[in-house]
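Contents: one structure, followed by commentary.
The values are calculated or read from the model by the stated rules, or taken from the named source; none is laboratory data. None of these values were measured; they are calculated from a predicted model. Every residue, glycine among them, receives a Cβ derived from its backbone with ideal geometry; neighbour counts consider all protein chains shown.
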Amino acid sequence: MDEVILETRNITKVFPETIANKDISFKLRKGEIHALLGENGAGKTTLMNILYGIYLPTSGDILIKGKKVIIKNPLDAIRLGIGMIHQHFMLVDTLTVLENIILGLKEYGFVIDKKAVKKRLKEIENLYSLKVEPDVKVWQTAVGEQQKIEIIKVLFRGADILILDEPTAVLTPQETQSLFKILRKMKEDGKSIIFITHKLEEVMQIADTITVLRKGRLIKTLPKSETTKSQLAELMVGKTQTLDFSRKRPKSNEEILKIENLTVHSDKSLKSLKGVSLSVFKGEILGIAGISGNGQKELVQTVVGLKKAVQGKVVFNGIDITNKPPRYIAQAGINYIPADRLAMGVAPNLSTIDNAIMRRYYRFPLSKRGIMNYRKALAYTMMMAKAYKIKLDNPFAPIKLLSGGNMQKLILAREILENPKLLIASYPTRGLDIASTQFFRQKLIDIANKGKTIILVSEDLDEVLSLSDRIAVMYEGRIVGILNAKEADKNRLGLMMAGVKT
C-alpha cells in the first residue's frame, strides 16, 4: 500500500455563488480502501465527479501513478482506469442487464457478441461472486441487483480505481456485508477504492484510511487504526454529536389504518403481497423491516395509491381508500416519502421551487383562480430551506443539481409540512449525514408525540429499533411477525427477515 496510484493537488472547484472544493490534496494508494467522509454538501461528490471527468477543476492538478493528467470527460477517466458507481445509478431501465453493461463499448460490434460478453461476465462472477441475470430488463431487478450491475460495468471496462458514492445507501445489512466481501477481494487483487459514506460503523469496518471534508475543505486524513467514531463525527460537523437515540413510547388503541387480506402484483406480474393484514394505531411509529424485494415497496405504494390492489382492502380513518387516486389519498391525510428520491421523490429537471411546492401549488395562497404566485412560492421554499437546514444556493436551478442529502431533506420537509395524519417514510434518512439524520429522527418523534402516525420502512435495523413502537417483519410478500420494539433485537429481526421462525 505504499504506491500512490492517484493524487490530487490543491483541487478547487468554483460554481456560481459557491465554492464546492477549496485546495484539496488527496492521495489514494494501490490496494487501499480510502473512505471519504463529510456532511451533505461537504464537497465529496464534487471532488469525485472531477476525478471522473464530469466536472473540470477550476484549478489544481490530478496525477495518476505520478503523471499529471487532464480528465475532460468520463471516457478519459475510463481510459485511465477510473470507474465510478454513482449514488443514483446510471442504468437504462428498458435495456437488459447485458446491454447496460456493454453500452458504449465499440469492441463488441454493431451486433452484440453475447457469447463473448457472457464469457467475460462469468469470469467476473467467478472472481468476485457478482452474479446477475444478463437477459433480464433492468427495471425488473431489485435495487441491490442494480448496484451489482453498476460494479460489473466498471470492472468490465478494466478499472483499477473504483469510486463508490454512498454504495450502501440502498442495501440491506446482509447486502452490505456481501458488498464488503467483494471490496475486500478487489483490494486483495490490487484495486484501489474510494468509498464515500456517512455511516461511521461501515467506515470502521471497511476502510484503511479516512479523509474528512467539511464545507469544501479537507479537514484531516488519518489511518483507521488511529481514530474513533466519536472523533470522526466531531471532525465532520465541527462539534461532538450524540449518536445514541431514544424516545418515549406513546400508547393508543385507536386504529387509524387497517389493511385486510391485501394482494398486489409486482412489476414482474408476480404476487408481491400475499394476503397481508395489518393494523396501525394513532400516534405510533410502526417500523417495517425486511430484505429489499419482499413486498415493502408494494405495500406502501398500494396504501398511497401508486399501485392497484388485486384483492383486499385499505381503510384509513374508517374510509375505504382502496385503489383511490394518489391526490385523493393525500388530501385524506396520508403523505409519502418514497425510497427512490430521484425517480419518485422529485421532478429532476424542474426547479427547487417547483419541487418544494409540489404538494400545494394548486392551493391558496400559492395559487388563486388558477394563477401561480411565484413570489409566495419562493418565500415558502426559502422558509422550508431555513427551517430544515437545506443548503440552497439557487432555488430557481433544477433540483437535480442539489446534493443527494439536501434533495432528501427537501422531500422530507415538503411532506412533513403538509401536517399529515399518517406519514409513510421509506428510508427517510438514507444518504443523510449524522447531524441531518439526528435532526430528522427527532422530527419523526415530534410528529408522533403530537398524535400523528408514522409507518417507517427501513433496512437500518438500528433506526427501526430506536424509533419504532412496534416492528412488522416482511418476508416473501407476507408479514411473518409483529414485535414490540422492547422485545426485539437485531439478531431476532435478522432471522425473521431471512424467513427463519423465532
Would you mind listing the strands (runs of 3 or more DSSP E) fully within region 1-76 where at least 2 residues are over 21 Å from GLY404 (Cβ atoms)? 4-15, 18-29, 59-64, 67-69
Filtering region 381-400 for residues that are among the charged types (D, E, K, R) and within 20 Å of the chain's Cα centre (by Cα) leaves a count of 3
For LYS421, are the conditions met, namely being over 30 Å from LYS274 (Cβ atoms) and modelled with pLDDT of 85 or more? no
Looking only at region 175-194, decide whether some residue is surrounded by 15 or more Cβ atoms within 10 Å (Cβ to Cβ), in a strand (DSSP E or B) and not small (Gly, Ala, Ser). yes
Identify, from the list ARG414, ARG341, ARG360, the residue that is more than 22 Å from the chain's Cα centre (by Cα) and either farther than 19 Å from ILE447 by Cα or not polar (S, T, N, Q) (or both). ARG360
Please find, within region 48-60, the residue that is surrounded by the most Cβ atoms within 10 Å (Cβ to Cβ) out of those that are of a type outside the set (A, V, I, L, M, F, W, C) and touching an Asp or Glu at 6+ places or on another chain (Cβ under 8 Å). GLY53
Within region 390-420, the count of residues that are charged (D, E, K, R), touching a helix residue (DSSP H, G or I) at 6+ places or on another chain (Cβ under 8 Å) and outside any helix (DSSP H, G or I) comes to 2
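Checking the condition part of a helix (DSSP H, G or I) and more than 21 Å from LEU262 (Cα to Cα), which residue from TYR380, TYR328 passes?
TYR380
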Tell me, please, whether a residue that is under 21 Å from ALA425 (Cβ atoms), at pLDDT 90 or above and not in a strand (DSSP E or B) can be found in region 263-272. no
Can you find, within region 114-131, the residue that is farthest from GLY405 (Cα to Cα) among those that are at pLDDT below 85 and among the basic types (Lys, Arg)? LYS115
Condition first: touching a Phe, Trp or Tyr at 6+ places or on another chain (Cβ under 7 Å), closer than 30 Å to MET496 by Cα and assigned to a helix (DSSP H, G or I). Can you find one or more residues in region 151-171 that meet it? no
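Being out of contact with any Leu (no Cβ under 9 Å at 6 or more places or on another chain) and either not assigned by TED's automatic domain parsing to the domain that holds LEU465 or not in a helix (DSSP H, G or I) (or both) is the filter here; which residues of region 482-494 pass it?
Filtering region 482-494 down to residues out of contact with any Leu (no Cβ under 9 Å at 6 or more places or on another chain) leaves 484, 486-487, 491.
ASN484, the sole residue that qualifies.
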Within region 77-116, the count of residues that are in a loop (DSSP other than H, G, I, E, B), within 24 Å of the chain's Cα centre (by Cα) and over 28 Å from VAL14 (Cβ atoms) comes to 6
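Out of ASP462, ASP446, which single residue is among the acidic types (Asp, Glu), under 24 Å from the mean Cα position of the chain (by Cα) and loosely packed, with under 13 Cβ neighbours inside 10 Å?
So the residue among ASP462, ASP446 that is among the acidic types (Asp, Glu), under 24 Å from the mean Cα position of the chain (by Cα) and loosely packed, with under 13 Cβ neighbours inside 10 Å is ASP446.
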Any chance SER225 is surrounded by fewer than 22 Cβ atoms within 10 Å (Cβ to Cβ), hydroxyl-bearing (Ser, Thr, Tyr) and farther than 25 Å from TYR475 by Cβ: yes
Which residues, taken from region 192-209, are polar (S, T, N, Q) and either in contact with a strand residue (DSSP E or B) (Cβ under 6 Å, 6 or more places away or on another chain) or at pLDDT below 90 (or both)? SER192, THR197, THR209
Set THR45, THR18: member being surrounded by 14 or more Cβ atoms within 10 Å (Cβ to Cβ), over 30 Å from TRP139 (Cα atoms), modelled with pLDDT under 90 and among the polar types (S, T, N, Q): THR18
Working only within region 85-113, note down all residues that are farther than 27 Å from LEU183 by Cβ and modelled with pLDDT of 80 or more. THR94
Suppose we filter LYS72, LYS44, LYS115, LYS68 for residues that are closer than 20 Å to ILE149 by Cβ and either in contact with a strand residue (DSSP E or B) (Cβ under 7 Å, 6 or more places away or on another chain) or without any contact (Cβ under 8 Å) to a residue 40 or more places away in the chain (or both); which single one remains? LYS115
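Given the options TYR361, TYR336, name the one that is surrounded by 13 or more Cβ atoms within 10 Å (Cβ to Cβ), of a type outside the set (S, T, N, Q) and modelled with pLDDT of 90 or more. Steps first, answer last, please.
Details: TYR361 fails: modelled with pLDDT of 90 or more.
None of the others qualify; the one that does is TYR336.
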Could you tell me whether any residue of region 210-221 is at pLDDT 85 or above, crowded, with 20+ Cβ neighbours inside 10 Å and polar (S, T, N, Q)? yes
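Restricting to region 346-356, count the residues that are assigned to a loop (DSSP other than H, G, I, E, B) and buried (at least 23 other Cβ atoms within 10 Å of the Cβ).
The qualifying residues number 1.
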